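Readers should treat all values here as calculations from the given coordinates under stated rules, not as data from a laboratory. All values reported here derive from a predicted model rather than from experimental measurement. We place every Cβ from the backbone using ideal geometry, glycine too, and count neighbours over all the protein chains shown.
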Amino acid sequence: MEQILANGLYLGAQYALIALGLTLIFSLMNVLNFAHGQMYVFGGFVTYTVVAQFGLPFIVGLLASAVTLAVMGALIERFLFRPVIRKSKRDESTMLLAAGIAFFLDAVILLLFGEKQRGVPKIVNGVFNWDMRLIMPYDRILIAALAVALIVSFILFMQYSRTGRAMRALAQDRMAAQLMGVDVDRYSMIGFAIGAMLAGLVGGLLVTITGVNLGMGGPTSVKAFLMIMIGGAGVISGAIAGGFILGMMESVGLTVLAAYGDITYLVIFITLMIFLAIRPQGLMGKPWG
Amino acid sequence: MKRRVFLATTGLTLALAFATNTAAWAENAKLKIGFVGVTSGPAAAWGISNQRSMETRAAWLNELGGVKIGDTTYDVEIVAFDDQKDPKRAIAGMEKMAQDGVHYVVGPNVDDGAAAVRPVAEQNGIIYFPYAFPKELYTPPASNAILGMVANYQSGPAIYKYLMDNKGVKKVAFVAANESDPLSQRDGGVEAAKALGLEVVSDSVTYQVDTTDFTPVLLPVIQTAPDLLVLSGVSPANAPQLIRSARELGYTGLISTETAQDATVLMEGAGELANGFISVGGASTPELASDAMKEFVDRYTKMFGEYNDESNTKVYALEYIIETLKANPAAIDNVEEFKKTIDTFSAPNPFMVGDAKLSYVGTTSFGQKRQVSVPLVVNEFKDGKFETLFVAQVD
């Protein structure tokens with residue numbers, strides 16, 4: 001049981017961090033960013049290149065991923081989403097744009113980084129073993145701690161910084177925020193940049209554990225959408241809760257249901273469908289959006 | 001002045017047109033060979049190594065002046081189609097090949113894609129070389145598919161027997177991705193292990209290919225304490241993570257797979273933890289590789305920046321197509337002629353030292369020759385490199 005809980009918490013921490021960026025972008029701009037998974041993959045490849053190819057320390061790789069993805073996010077918002085949102089009132093326009101960006105990033109990743117699975121050496125060696133009841137490699141513990149630290153930093157930033165307050169105001173009521181003098185364009189761009197940066201940071205963190213490959217983007221986006229559906233789209237606490245719930249469901253399912261074959265995600269999807277039928281806005285979302 | 005410019009321009013245009021026309025006359029005819037396989041998504045490495053192997057070899061042959069089949073010299077042109085590991089796309093790809101007049105296709109890379117394209121290939125007179133293992137594709141009445149590698153039901157028993165005899169393996173556990181290829185490979189492996197008298201302690205655990213943490217997946221498997229953990233049909237993307245998780249959970253037994261892997265990917269993803277990992281290697285080892293094989297690796301690396309060890313096997317399909325066409329030029333647009341040639345075909349193998357031959361095999365497994373003959377090389381990973389454990393022949 002200890003092992004199942006630890007696995008669930010570890011998975012939950014990384015999932016929550018992935019979902020945070022997605023939910024931030026959704027709350028600020030009402031955009032479903034289907035390219036979120038590709039941004040995660042891009043971040044992983046940047047860290048890989050800096051650490052494994054250039055031989056620089058892991059922290060430099062992580063920073064490079066954060067900066068690269070933040071710049072990429074800002075540019076995507078400024079030159080792609082902003083004009084489309086301005087010209088089109090239809091939600092599907094931004095959805096199609098996001099899907100297009102996902103395909104584009106897949107092609108860019110193949111071109112720049114190739115088709116192979118990539119990974120960087122373990123940043124910490126050794127395995128924590130508590131009497132064979134709980135086994136957890138130290139690098140996973142470190143990555144989980146870093147993920148939790150990043151989640152806490154993000155919450156504090158959103159809660160107490162001027163930028164964070166402006167973005168929250170924007171998320172609550174775009175028109176009211178604009179009337180109160182919030183520069184909507186500027187903070188939308190910053191929000192998109194932070195969302196993309198979070199995706200890049202998770203990619204950079206996990207490249208030491210799971211590695212990264214071209215095909216991970218799509219499934220990562222699907223899982224991220226699952227999490228924000230559980231927690232409630234556009235709600236930061238909901239994304240965190242959704243991440244931890246999905247991580248725990250996966251960990252429990254993979255252990256308890258192992259004997260019945262690979263039905264964990266089947267059970268998760270059925271549970272989610274029933275849950276959404278009862279509470280379509282998710283755990284912490286508001287029924288009015 | 002204007003007249004002079006006009007005359008000069010006209011003269012230049014005529015000269016250019018003449019030169020282009022002359023060049024066109026000097027060009028060889030085109031021999032289009034198709035590739036339908038997966039070059040995007042998690043399994044992209046499988047198809048990309050195929051496509052790049054074909055492109056490297058085609059560029060090399062064209063540089064040498066093309067290939068002479070009968071009285072005609074052809075430049076080899078590779079027509080590629082990404083099926084995205086989707087059977088519907090694979091069918092569309094094979095239909096495109098038929099529309100383009102292509103009669104010889106390499107791929108698809110996976111079982112369901114290879115099965116899906118069978119009617120299209122048979123109706124349109126296409127011989128195809130899948131990297132997929134369903135026996136019904138190669139056994140009569142099927143006759144248009146030729147297996148491009150060694151199947152798991154051929155390599156698996158050889159590996160298990162070797163490990164029983166040399167490492168004292170008695171208990172075996174199987175883990176597979178929840179997809180058709182790995183699952184069918186797992187079932188074949190379980191059957192082979194039981195037939196050899198091994199005790200199968202776990203064979204029900206599966207995983208999603210996009211799993212990011214394999215610890216919960218492997219925990220119940222490791223608790224059964226197997227001597228050998230078989231990663232059935234594992235992709236190069238998942239292998240390092242599974243090995244790493246198993247070792248981190250304290251597993252000290254043997255780990256093997258019947259799929260080909262890449263040494264760099266294993267080293268990057270699992271490092272020293274991958275030492276001792278047994279896999280089916282490409283059909284080439286330093287001891288087996290001829291100068292032509294070494295040159296192929298150099299050319300591939302120059303063209304694409306990095307070599308893929310899987311191409312040691314995947315270099316062969318195009319070679320078999322071209323050499324068989326050379327042996328019977330009538331097969332250039334008639335696959336029935338190609339089929340007639342299969343039974344007696346033999347040509348020097350340029351990629352192996354000694355007097356190795358290219359020939360078709362498969363009679364034991366399929367009741368007819370519908371498999372390319374490549375050596376079964378079983379490797380052990382050690383410190384970033386593969387070391388040959390043993391080499392065997394199919395059939």
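Worth pointing out:
- Peptides ranked, highest mean first, by Cβ atoms within 10 Å: ranges A:36-45, B:269-278: A:36-45, B:269-278
- Rounded to the nearest 20 debye, dipole of the stretch A:2-214 from Cβ charges on Lys, Arg, Asp, Glu: 460
- Sorting A:Leu56, A:Leu22, A:Leu179 by the number of Cβ atoms found within 10 Å of their own Cβ, with the fewest placed first, yields A:Leu179, A:Leu56, A:Leu22.
- Counting all C-alpha pairs of the protein assembly as shown, share separated by more than 41 Å (%): 35
- Summarising the amide proton neighbourhood of B:Phe133: residues at separation of 5 or more, or on other chains, whose placed amide H is nearer than 5 Å comprise B:Asp111.
- Counting DSSP beta bridges with both ends in chain B, the antiparallel % (nearest 5): 40
- Residue mean of other protein chain beta carbons inside 10 Å, A:206-213: 6
- Counts of other chain beta carbons within 10 angstrom of each beta carbon in peptide B:267-276 average 4.
- Whole-Å distance, taken between Cα centres, linking the stretch B:222-293 and the stretch A:104-161: 23
- Counting other Cβ atoms within 10 Å as a rough exposure proxy, the listed residues B:Trp60, B:Trp46 run B:Trp60, B:Trp46 from fewest neighbours to most.
- Under a 5 Å amide H cut-off, with hydrogens placed 1.01 Å from N, B:Ala80 pairs with B:Phe35 among residues at least 5 apart or on other chains.
- Pairs exceeding a 30 Å alpha-carbon distance, out of B:Lys135/B:Lys340; A:Lys122/B:Lys170; B:Lys32/B:Lys135; B:Lys170/B:Lys369; B:Lys135/B:Lys194: A:Lys122/B:Lys170; B:Lys170/B:Lys369.
- MRE, 222 nm, helices only [DSSP H, n ≥ 4, -39500 (n - 2.57), over the protein assembly as shown, to nearest 500]: -17500 deg cm²/dmol
- Each part reduced to its alpha carbon centroid, the stretch B:120-173 and the stretch A:16-53 end up 40 Å apart.
- Taking the number of Cβ atoms within 10 Å of each Cβ as an exposure proxy, the fewest-first ranking of B:Lys167, B:Lys369 is B:Lys167, B:Lys369.
- Centroid-to-centroid separation of the stretch B:199-219 and the stretch B:331-377 [C-alpha atoms, Å]: 37
- Estimated translational D of chain B in µm²/s (Stokes, Kirkwood radius over Cα pairs; 10 °C; 1.306 mPa s): 71
- Ellipsoid equivalent to chain A - semi-axes via the Cα gyration tensor, in Å: 30, 24, 18
- Across peptide A:109-116, the mean count of Cβ atoms from other chains lying within 10 Å of each residue's own Cβ comes to 5.
- Rh by Kirkwood over Cα pairs, then Stokes-Einstein D for the stretch B:152-259 at 1.306 mPa s and 10 °C, µm²/s: 118
- Helix A:184-206 and the longest principal axis of the C-alpha atoms of chain A enclose an angle of approximately 10°.
- With a simple spin-label model that places each label point 7 Å from the Cα along the Cα-to-Cβ direction, the separation between A:Arg162 and A:Val71 comes to 2.6 nm.
- Degrees, to the nearest 10: B:152-167 long Cα axis against longest axis of chain B: 40
- FRET efficiency, 1/(1 + (r/R0)^6) with R0 25 Å, evaluated for A:Glu2 and A:Tyr260 via beta carbons: 0.60
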